[in-house]
Protein chains: 2
Amino acid sequence: MCWRFYNRPVRFHARNGRARRAEFATAHGVIQTPVFMPVGTRATVKTLSPADLRAIGAEIILANTYHLFIRPGHGLIERLGGLHSFMAWDRSILTDSGGFQVVSLTDLRKVDDEGVTFRSHIDGSQLRFTPESVVTTQEALGADIAMAFDHPPAWGSSDSEAAQATLRSLSWAERCRKAHGRANQMLFGICQGGFAAEARAESARAIAGLDFVGNAIGGLSVGEPKELLWPLLAASLGSLPEDRPRYVMGMGAPEDLLAAIAMGADMFDCVLPTRLGRNGAFFTRGGRQNIGNARFREVPGPLDAECDCEACRVHSTTYIHHLFRVDEILGLRLLSLHNTRFLIRLMEQSRTAIESGDFGEFALEFLGRYGPTNASCLQARVAIVDAMRP
Amino acid sequence: MCWRFYNRPVRFHARNGRARRAEFATAHGVIQTPVFMPVGTRATVKTLSPADLRAIGAEIILANTYHLFIRPGHGLIERLGGLHSFMAWDRSILTDSGGFQVVSLTDLRKVDDEGVTFRSHIDGSQLRFTPESVVTTQEALGADIAMAFDHPPAWGSSDSEAAQATLRSLSWAERCRKAHGRANQMLFGICQGGFAAEARAESARAIAGLDFVGNAIGGLSVGEPKELLWPLLAASLGSLPEDRPRYVMGMGAPEDLLAAIAMGADMFDCVLPTRLGRNGAFFTRGGRQNIGNARFREVPGPLDAECDCEACRVHSTTYIHHLFRVDEILGLRLLSLHNTRFLIRLMEQSRTAIESGDFGEFALEFLGRYGPTNASCLQARVAIVDAMRP
């Protein structure tokens with residue numbers, strides 16, 4: 001139960017049902033899990049500086065291989081000393097593999113068993129990613145954690161399409177493992193399986209067989225209904241190794257994070273907190289709100305009385321409402337900071353609750369205040385009750 | 001030679017020719033002059049937080065009465081404890097009077113001897129400013145320094161139009177003095193005079209006769225050629241009291257600040273550093289540059305090797321170039337921060353130079369590196385040499 005590259009064991013602090021409170025080391029620090037990773041697609045978490053991210057307790061952020069490959073190019077980043085140096089972030093970084101992006105976001109893409117051919121969204125030039133090239137790109141970027149190249153089946157794929165993409169992702173994961181050689185970088189596998197629980201479990205078992213130091217669950221939260229999500233996630237989590245980090249890709253709503261933690265997930269990333277922030281939405285203990293609402297015109301108190309971020313410590317809700325009404329950039333920044341802090345603090349609170357052995361109570365109490373009548377929160381509560389059952 | 005409201009004398013630390021190094025107190029701190037005031041039009045210096053402004057040494061910022069009157073309204077700001085509390089800025093604030101805005105920026109405005117009637121740029125509603133109403137608005141906002149309501153003649157006005165606007169500004173200044181009663185707020189006068197030196201001197205003498213605790217020079221940098229600007233500014237400055245702060249409104253190019261300091265100006269404000277920053281332009285000791293230029297694609301060093309701002313201490317030029325190429329908000333923020341720090345540091349350097357008695361040498365050496373062949377810098381150098389002559 002040792003990390004291949006660091007020879008340090010993953011340490012479990014506590015378990016609470018299936019929920020886990022652990023830590024593991026990267027080349028740039030120790031990650032306390034469960035952990036939320038803010039997304040810095042283009043080597044910047046939108047609107048926030050490295051100092052802002054440190055101040056809200058971010059221990060690890062994510063950057064996107066596809067976007068950095070296109071601009072400014074991994075060669076330039078490598079020449080400048082790698083991604084940490086390039087973006088002036090001295091804590092941990094995870095890079096995704098670009099699989100999701102090239103398969104779902106690019107035009108004119110063609111997936112074959114060897115790799116993916118696609119057109120750049122910038123200049124239309126024809127480009128190609130293979131498992132080996134994606135590993136090379138991520139080694140050049142130099143993140144602490146690299147991800148295997150995968151082919152996530154789209155929501156709406158037939159069973160045979162999903163099966164083909166899942167098998168292809170397995171073969172690519174194996175090729176990534178063989179190609180990867182950077183000593184101070186971990187490589188995580190990604191399981192798929194489409195939208196059937198048995199196929200999910202099978203893919204997870206197959207990926208587990210490749211003995212990655214950490215494993216991710218891909219291809220979920222891509223448009224499928226919530227009542228499908230939880231059984232699929234449970235099937236994937238249940239077949240991944242207990243003693244290694246389990247990362248659910250692309251998940252960021254508070255209710256989803258709590259349900260996934262209850263099922264045994266450790267790591268999360270999502271653009272949600274910064275995207276919501278730029279659109280004027282913000283998290284509070286009483287649910288999601290929109291700052292543009294007229295009822296925030298004259299509220300001298302903070303966005304969320306329990307929050308310790310700069311936006312809440314320093315500024316009134318009224319002021320941030322004003323900034324949005326007059327289109328001032330500081331408004332986007334303050335809500336992005338607040339929302340990201342909200343999720344990081346939710347992880348801190350979850351870790352404390354797991355340590356005290358009352359994660360289930362914490363999560364249900366949180367959701368009772370956060371979204372007492374919201375469908376997604378109600379589904380999450382059911383999933384939590386199910387998962388916490390002995 | 002005492003401030004009316006604080007009973008503290010303006011203290012002169014040093015003089016160097018006409019250049020002055022002084023300090024004066026407001027209700028929120030001591031202002032060291034010469035000073036540059038970043039502009040926070042809508043109660044936010046664009047892209048920057050109060051903590052950013054403190055970190056770069058801003059001691060006083062400016063906010064615009066017209067914009068805050070329109071949105072969110074001075075009544076709301078007053079109910080929330082005034083502008084300092086509203087924008088969470090505990091150092092000094094100056095509010096302009098809105099004269100420049102309602103005369104030059106609004107549609108369908110009609111100026112008469114009593115005041116200005118204009119249409120809101122937001123909803124087209126008809127509004128009216130008078131000297132008395134503008135004082136009331138600024139008292140409600142609660143800035144440390146309020147400005148008299150004025151009518152700046154537009155560039156291109158006839159002599160008789162300019163004379164009428166100047167006389168009107170004098171009568172309005174007197175009405176503002178009578179109307180003003182807020183004890184912890186200073187009121188500054190504004191002289192006009194259009195574009196003839198004798199009219200400028202006459203307006204300055206008349207405003208001086210009203211015994212304001214500080215005096216501003218309005219109606220310059222509105223489109224007139226640079227060769228006109230310096231004699232006009234000299235005429236205004238030469239007729240304002242020696243023992244009180246002299247504020248040149250709307251000036252922000254480094255060469256202009258240095259020439260105006262040489263002529264005896266103490267205070268400046270301008271949107272230039274943040275506006276340039278949002279457009280990708282940045283100050284360096286070697287002149288103004290544009291971050292989008294391809295030659296900044298691979299520059300591991302800072303924007304300006306001599307700068308101590310966060311953008312220069314933490315980030316490479318390459319990284320900021322990348323942020324602009326991919327339209328990331330952090331780029332706007334880093335250049336705005338750098339440019340504002342550049343002007344504040346130029347003021348710090350100017351103060352030191354005046355204290356050492358070598359302001360002329362400092363300013364000419366600075367401009368020799370900053371814009372050796374630039375017309376505006378060459379004109380400023382001539383103005384400095386003229387002004388420093390005994």
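Where a number appears in this text, it was derived from the coordinates with a stated rule and is not lab data. From a predicted model like this one, the values you see are computed outputs, not experimental measurements. Neighbour counts run over all protein chains shown; Cβ positions are idealised from the backbone, glycine included.
Dipole size of chain B about its Cα centre, with +1 on Lys/Arg Cβ and -1 on Asp/Glu Cβ: approximately 480 debye, rounded to the nearest 20. Considering only alpha-carbon pairs that sit under 8 angstrom and 6 or more positions apart, the relative contact order computed for chain A is 17 percent.
Any idea which of B:Gly75, B:Leu94, B:Ala58 is furthest toward the positive side of the dipole for the range B:54-100, if Lys and Arg beta-carbons carry +1 and Asp and Glu beta-carbons -1? It is B:Gly75. In units of the rule-of-thumb radius 2.2 N^0.38 Å, the range A:169-294 shows an alpha carbon radius of gyration of 1.20. Taken along the Cα-to-beta-carbon direction at a fixed 7 Å, the label points for A:Ser120 and A:Glu161 span 2.9 nm. Between the alpha-carbon centres of the range A:325-369 and the range A:157-210 there is a gap of 31 Å. Looking at the range A:75-171, the pairs of alpha carbons with a distance over 18 Å make up 52% of the total. For the range B:122-181, the list of trypsin sites (Lys or Arg not before Pro) that fall in a loop by DSSP and count at most 16 other C-beta atoms within 10 angstrom is empty. Here the Karplus curve 6.51 cos²θ - 1.76 cosθ + 1.60, taken at θ = phi - 60°, turns the phi angles of the range B:297-303 into couplings of 4, 9, 10, x, x, x, 4 Hz, with x standing for Gly and Pro.
Of all DSSP beta bridges located in chain B, what percent are antiparallel, nearest 5? Around 50 percent antiparallel, to the nearest 5. Which whole number in µm²/s is D for the range A:239-291 by Stokes-Einstein, with the Kirkwood Rh taken over Cα pairs at 20 °C and 1.002 mPa s? D, rounded to a whole number, is 173 µm²/s. Projecting the alpha carbon convex hull of the range A:1-119 along each direction and taking the average yields 10.1 nm². Considering the rotation that superimposes chain A on chain B, the residue of A whose beta-carbon lies nearest the axis, and that distance in Å, is A:Ile329, 3.
For the protein assembly as shown, the calculated P(r) over all alpha carbon pairs, in 10 Å bins from 0 to the bin holding the longest distance, is 3, 13, 20, 20, 16, 12, 10, 6, 1, 0 percent.
By the count of other C-beta atoms within 10 Å, a proxy for reagent exposure, A:Lys226, A:Lys46 are ordered fewest to most as A:Lys226, A:Lys46. Straight Cα distances below 15 angstrom link A:Lys110 to the aspartates and glutamates A:Asp150, A:Glu161, with same-chain residues fewer than 8 positions distant left out. Of the residues B:Thr284, B:Ile354, B:Ala294, the one whose Cα sits farthest toward the positive end of the charge dipole of the range B:275-375, with +1 on the Cβ of Lys and Arg and -1 on the Cβ of Asp and Glu, is B:Ala294. The distance from the alpha carbon centre of the range B:212-265 to that of the range A:70-123 is 53 Å, rounded to a whole number. Dividing the mean sequence gap of close Cα pairs (under 8 Å, 6+ apart) by how many residues the range B:276-388 holds gives a relative contact order of 26 percent. Label-point spacing at B:Val314 relative to the other copies reads 1.2 nm, in ascending order, each point sitting 7 Å out from Cα along Cα→Cβ.
With N counted as the residues of the range B:11-269, its alpha-carbon radius of gyration over 2.2 N^0.38 Å works out to 0.94. Normalised Debye scattering of the range A:38-99 at q = 0.20 Å⁻¹ gives log10 I(q)/I(0) of -0.71, counting only Cα atoms as equal scatterers and leaving out solvent.
Of the Cα atoms belonging to the range A:276-388, the radius of gyration and Dmax stand at 15.3, 47 Å.
Ascending distances from the A:Pro300 label point to its copies in the other chains, with the point 7 Å along the Cα-to-beta-carbon line: 5.4 nm. Kirkwood hydrodynamic radius computed over the range A:164-206 comes to 11.2 Å, based on all pairs of distinct alpha carbons.
A label point on A:Arg79, set 7 Å along the Cα-to-Cβ line, lies at 5.8 nm from each of its counterparts in the other copies, closest listed first. Given their separation in residues at 0.36 nm each and the Cα-Cα distance between them, A:Leu127 and A:Arg54 gain 22.7 nm when the chain is fully extended.
With a simple spin-label model that places each label point 7 Å from the Cα along the Cα-to-Cβ direction, the separation between B:Arg369 and B:Val299 comes to 1.5 nm.
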